[in-house]
Amino acid sequence: MDETAEYILSKVPEVTLAFWIIKIAATTLGETGGDTVTMTLQWGYLAGTILFLAALVALVCFQIVARKFHPFLYWATIIASTTFGTTMADFADRSLGIGYTGGSSILLFCLLVTLALWYWSLGSISVDTVNRPSVEAFYWTAITFSQTLGTALGDWVADSTDLGYEGGALLFGAALAVTAAAYYWTNLSRVALFWIAFILTRPLGATVGDFLDKPVDHGGLALSRPIASAIIAAFIVGCLFLLPQRAGSHPRQSEMTV
């Protein structure tokens, strides 16, 4: 079968169970990694945000110019986006005083605008169309806003309600389970369900990460942030070696709705 005649291989992996396992681990690493730099190493939120923004921009550029899917490059970019999301949300809330509610509202607006522009420009916001630079630019912008939004939501639930970190993790885990059930047993838009799940995995990772490294009197386990980050990073690397990671096969540009 000559797939090259029918498909362009994307630089985005197939969305499988392995994808979601690594995504949740990456978001947890983003939380512990961001806190390691801003709190443990005492860089502060502004310096940490600048550091991870620079890393994110560089990795997105490498991702866009790459000619094929590279699992380690893709997931390094995801981790950079989620770590930037952690420090950016903390900076907005704790340094600028915007607050979790205000920050979440602004980020939700930015995400919706990005998705609307993506759809208006190209006729679809499905990851099945991420196969050329113009789409990748929208994709990574939406990813970054969704990661930062997820961080703000996770912190808002854990810090501003009585749920705490464990309760927040259970809440977002339950919401993900409902989304998965909707995927298998309803006819709701698969594209909408993907973005809902992508957003929800971020606060789940944020609350799990906070649960691991926050002080006991704040509802956490008070684990070392660097050690927790190293363990999660090792888990992700192991997953990349053991779990299938291949590019999704997507329609050619001429076959897509634009």
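Looking at the chain, the accessible area is 48 square angstrom per residue; that uses a 1.4 Å probe and ignores ligands, DNA and RNA. Evaluated with a Cβ-only charge set (Lys, Arg +1; Asp, Glu -1), the range 48-157 carries a dipole of roughly 320 debye about its Cα centre, given to the nearest 20. Under conditions of 20 °C and 1.002 mPa s, the range 174-236 yields 159 µm² s⁻¹ as its translational diffusion coefficient, taking Rh as the Kirkwood radius over Cα pairs in the Stokes-Einstein equation. Using equal-weight Cα scatterers in the Debye expression, the normalised intensity of the range 92-222 in log10 at q = 0.09, 0.18, 0.20, 0.21 Å⁻¹ is -0.30, -1.02, -1.15, -1.20. For G102, neighbours were defined as the other residues whose beta-carbon sits under 15 Å from its Cβ, and their charges (Lys and Arg +1, Asp and Glu -1) total -3.
Could you check how much of the accessible area of the chain is carbon and sulfur, as a whole percent, using a 1.4 Å probe?
Working: 8650 of 12380 Å².
Heavy-atom surface of the chain belonging to carbon and sulfur, 1.4 Å probe: 70 percent.
Against the main long axis of the alpha-carbon atoms of the chain, helix 190-213 sits at an angle near 30°.
Averaging 1/r over each pair of different alpha-carbon atoms in the range 43-121 and inverting the result gives 14.0 Å, the Kirkwood hydrodynamic radius.
Other residues whose C-beta falls under 9 angstrom from the C-beta of G205 contribute a net charge of +1, scoring Lys and Arg +1 and Asp and Glu -1. In plain terms, the chain from L41 to L112 could stretch by 22.1 nm, reckoned as 0.36 nm per residue minus the Cα-Cα distance. Extension gain for the segment V237 to A58, taken as residue separation times 0.36 nm less the Cα-Cα distance, is 62.4 nm to one decimal. Within the shell of other residues whose beta carbon sits under 13 angstrom from the beta carbon of W20, the net charge comes to +1, with Lys and Arg scored +1 and Asp and Glu -1.
The values are calculated or read from the model by the stated rules, or taken from the named source; none is laboratory data. Keep in mind that this is a model prediction, so the values were computed, not measured. Every residue, glycine as well, gets a Cβ built from its backbone with ideal geometry; the counts of neighbours run over all protein chains shown. Side chains included, ligands, DNA and RNA excluded: accessible areas come from the protein's heavy atoms. Shrake-Rupley method; radii C 1.70, N 1.55, O 1.52, S 1.80 Å.
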